[in-house]
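Working notes for the structure below.
Quick note: the coordinates plus some simple rules give every number you see, no bench work behind them. Quick caveat: nothing in here was measured; it's all calculated off a predicted structure. Glycine also receives a Cβ, built like all others from the backbone with ideal geometry; neighbour counts cover every protein chain displayed.
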Amino acid sequence: MPSSEQKIAALQQAAQTSPEYAEIVPLFIGIYDYVGGKELQTGISLEISSADSKERTEKGLPVANSSDLRLDRKQSVAFLLGIIDVLSDKGQENAEYLRNIGSALRSGSVDPGTLFRAILERDRAPINDLSNELTVPAPLVEYIFEIPLKTALEAFSAGHTAEQFAAWQESFCPVCGSRAGMAELSGEEGRRMLSCSACSFSWQFKRLTCAYCGCDDPEQLSYFTAGDGATRVDTCKACSRYIKTRDSRKGDSDVPLEVEDLLTIHLDLLAAREGFERGK
């Protein structure tokens, strides 16, 4: 699992070689710098016995689900307020929104646990409700609460290996049940690995199959590239979704996939222009 230091180094390198990233890089470096060393201070933990873990996997279920989340509210709020401080320091365009979220957290009117569970369950209602209550854009609410959740889930998934899930055939993450955020092709045979959008765990998946709806009809599956980069966009006409895929045989294998995702936003824009939606 890439460390915060590795992510920061990759972003710094990108800013040096590609000036167009200079404006967005400082924000993400600030976030990774804040998270580094605080991976176990999010206030979020997961309590699952090894027996339950094995049983769930054998049944085709992920190891963890939202009901396994445990919360230390005081620690969680402190972590979230630190994230808000970083975002406030890096830009003023969302200053009022950030103050509103910070005030709600300090007053106790927001239950972080509800938001964390909603994000893991892909339940938009609690996010939209808080957005309306605080008059804050829903994407900003989700982004702020995603950071500690993903940090905790990454720490949890680091205790698992791909070998544990050698028989896993599902398109969702065997560790936390979330959908893939990116894919990667590696090795001479181009083995396809999906990378979880929440906990960053990677597992092997069928090469010519949509990572979201399971379609394996060649007529419905395609891809496009932009430039000479190692990352392309795999699309599925059956569900109108796409996933960015890095072919590590072409390079960039030393760049954490999470950073690769940030540095290929132009591919997301192109996919949206073609009528495809990112699967999550």
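Miscellaneous remarks
- Relative intensity, log₁₀ I(q)/I(0), of the stretch 162-278 from a Debye sum that treats every alpha carbon as a point, q = 0.16, 0.18 Å⁻¹: -0.71, -0.92
- Each Lys and Arg contributes +1 and each Asp and Glu -1, all at the Cβ; summed about the Cα centre of the stretch 162-278, the dipole is approximately 200 debye.
- Label-point separation in nm, A272 to S49, each point 7 Å along Cα→Cβ: 4.7
- One Cα centroid belongs to the stretch 54-115, the other to the stretch 1-50; the line between them spans 17 Å.
- Cross-link pairs exceeding 22 Å between alpha carbons, from the set K90/K280; K74/K150; K7/K90; K7/K206; K7/K244; K59/K244: K90/K280; K7/K206; K59/K244.
- The orientation-averaged projected area of the convex hull spanned by the Cα atoms of the stretch 38-157 comes to 7.6 nm².
- Shape of the stretch 52-95, Cα gyration tensor, a/c cut at 1.5: prolate
- Mean Cα-pair separation over length for the stretch 162-278, i.e. relative contact order, pairs under 8 Å, 6 or more apart, %: 21
- By the count of neighbouring beta-carbon atoms within 10 Å, fewest first, F224, F172 end up ordered F224, F172.
- Shape summary of the stretch 1-60, radius of gyration then Dmax from alpha carbon positions: 17.7, 50 Å.
- Expected 222 nm ellipticity per residue - DSSP helices of 4 or more, -39500 (n - 2.57), all of the chain, to 500: -13500 deg cm²/dmol
- Between R122 and I265, the distance separating the two model label sites (each 7 Å from Cα on the Cα→Cβ line) works out to 2.4 nm.
- Dipole of the chain, positive direction: furthest Cα of G91, L140, L130, with charges on the beta-carbon: L130
- Sorting the Cα pairs of the chain by distance into bins of 5 Å, from 0 upward, gives 1, 5, 11, 15, 18, 18, 15, 10, 5, 1, 0, 0 percent per bin.
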